[in-house]
1. Out of Leu232, Leu227, which single residue is under 19 Å from Arg329 (Cβ atoms), aliphatic (A, V, I, L, M), touching a residue at least 40 places away in the same chain (Cβ under 8 Å) and touching a Phe, Trp or Tyr at 6+ places or on another chain (Cβ under 9 Å)?
2. Looking at the structure I just gave you, is Thr323 surrounded by fewer than 22 Cβ atoms within 10 Å (Cβ to Cβ), within 30 Å of Arg378 (Cβ to Cβ) and in contact (Cβ under 8 Å) with a residue 60 or more places away in the chain?
3. Considering region 129-141 alone, what residues qualify as being outside any loop (DSSP other than H, G, I, E, B) and either among the β-branched types (Val, Ile, Thr) or within 22 Å of the chain's Cα centre (by Cα) (or both)?
4. Can you tell me which residue in region 354-384 is modelled with the highest pLDDT, limited to those that are farther than 18 Å from Ala412 by Cβ and not in a loop (DSSP other than H, G, I, E, B)?
5. Just to be sure, is Gly199 buried (at least 17 other Cβ atoms within 10 Å of the Cβ), in a loop (DSSP other than H, G, I, E, B) and of a type in the set (Gly, Ala, Ser)?
6. Find the residue count for region 240-284, including only residues that are among the small types (Gly, Ala, Ser) and not in a helix (DSSP H, G or I).
7. Quick check, is Arg93 under 16 Å from Leu404 (Cα atoms), touching a strand residue (DSSP E or B) at 6+ places or on another chain (Cβ under 6 Å) and either open to solvent by 50 Å² or more (accessible area, probe 1.4 Å) or not hydrophobic (A, V, I, L, M, F, W, C) (or both)?
8. Could you figure out which of (1) under 20 Å from the mean Cα position of the chain (by Cα); (2) of a type in the set (A, V, I, L, M, F, W, C); (3) outside any loop (DSSP other than H, G, I, E, B) isn't true of Leu347?
Amino acid sequence: MIERQCNRRSLCNKSALWLLFVSLLRFFLFTECAILNAATEGTKHAAPARQVLQAIDRATNYMVKANDRNGKFIYRVALSSLDFPQKKYNIIRHAGAMYALAQAWKQTPVENVKNALSRSARFLIANCIAPIPGYENILGIWSLPQITYNDNPPQVKLGGAGLGLAVLVDTEEILPGTISIDNLRKIGRFLLFMQNSDGSFATRFLPAAGGKNSRHVSQYYPGEAALGLLMLYRMDRSRQWLNAAAKGLAYLIKNRAITTADQWSLIACAKLFSLGNDYPEKILPRRDVGAYARQVGLAILEEQILYNDQRQLTGCFNKQGRTAPTATRVEALFAILDIIGQNDVMLRNAILSSIHSAVRFLIDAQVSEGKYTGGIPRVIGLSAVRRSSSRRADEIRIDYVQHLLSALLYFAKNQDSGYPTHI
């Protein structure tokens with residue numbers, strides 16, 4: 001048994017070294033191409049910091065304008081048509097949009113961003129927060145048919161409660177009086193109610209199906225729940241929130257296969273790392289989080305397109321040219337940098353190079369003029385023929401813009417934090 005464990009550990013180490021070697025090889029190949037391109041496109045890449053700030057302004061303004069007087073976001077539009085696609089709404093993505101607006105306000109506190117954040121919070125509180133039937137002192141953030149415009153029965157999704165709690169804590173700190181600490185605790189108790197003894201979570205509370213339900217599995221929900229609990233712990237220093245978040249992340253790290261698509265769990269892990277002496281080492285050892293972050297980081301690097309016949313796709317993490325997966329991976333990579341700190345210089349440099357390339361891709365993909373300035377389409381790089389047959393290629397959805405904005409804000413924030421951000 002011991003010999004088998006040692007062999008498995010040796011194999012994992014060799015695999016990690018091989019992935020790092022391949023990633024660095026791809027990095028050096030891309031660097032050579034970038035130097036050649038710079039000779040003919042010097043103007044395009046002359047002032048990346050300014051380009052990033054301009055892209056942030058465009059994305060922020062898009063989101064502010066997309067927030068109507070009632071606080072609801074224009075969920076999606078199409079670049080190729082003046083008509084909106086069919087009615088649809090998603091409460092988790094509403095919370096995600098608030099998350100990006102709060103980030104934007106923290107970096108550049110301007111009045112119109114704060115007003116949009118206030119409106120969207122009022123909408124969420126007035127229309128979606130309600131008690132859990134049969135349980136005292138627990139509040140859910142409900143997805144209701146009259147809000148989501150679908151035929152699903154009323155339910156509370158774990159991700160909606162987690163991310164909603166996170167952004168409401170943020171909003172209360174920016175706009176005191178938005179929501180009481182008592183109601184925030186009640187939402188926190190819902191997350192505790194949904195957690196199993198092993199740290200895992202039920203994914204939905206569905207009264208029509210008898211209550212807690214785990215038939216639908218979302219890889220994002222547990223990380224969003226952990227993030228909400230950690231944000232609540234920042235405001236209300238009860239260890240129950242911290243311990244539950246750590247248990248949830250520990251379950252993911254020990255039991256789930258590595259995925260590159262879940263940035264929320266990494267963002268939550270990075271918040272855990274920022275706690276210093278409060279870090280719950282006995283529940284989730286730091287070395288386990290560090291190893292997890294490195295594995296995910298290496299896997300993300302392997303996905304990136306560093307050279308392609310369609311130069312538009314250089315820096316993208318998706319062969320179909322989808323933009324949101326690239327933005328979420330930038331968010332994940334910044335969280336990984338926070339976790340590994342100044343250790344593992346080779347991996348750190350490879351991640352920074354990857355971020356630079358991805359940010360350039362995102363800025364080039366953003367709509368820079370016209371009615372939907374600041375938005376970002378679902379897909380770029382398709383031929384005209386393929387684009388005409390792909391109904392959603394030109395779709396701009398609010399969460400695409402949210403992830404773009406969050407990724408760019410991370411980039412701008414870290415320009416003065418020891419990360420070399422010259423592209």
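The values are calculated or read from the model by the stated rules, or taken from the named source; none is laboratory data. The structure presented is a predicted model; accordingly, all values stated were derived computationally and were not measured. When we count neighbours, we look across all protein chains shown, and the Cβ atoms used for this are built from the backbone with ideal geometry, even at glycine. All accessible areas refer to the heavy atoms of the entire protein, side chains included, with ligands and DNA or RNA removed. Shrake-Rupley method; radii C 1.70, N 1.55, O 1.52, S 1.80 Å.
1. That would be Leu227, the only listed residue that is under 19 Å from Arg329 (Cβ atoms), aliphatic (A, V, I, L, M), touching a residue at least 40 places away in the same chain (Cβ under 8 Å) and touching a Phe, Trp or Tyr at 6+ places or on another chain (Cβ under 9 Å).
2. The answer is no for Thr323.
3. Ile129, Gly140, Ile141
4. Val379
5. For Gly199, the condition - buried (at least 17 other Cβ atoms within 10 Å of the Cβ), in a loop (DSSP other than H, G, I, E, B) and of a type in the set (Gly, Ala, Ser) - is met.
6. The total comes to 3.
7. no
8. Answer for Leu347: the failing condition is (1).
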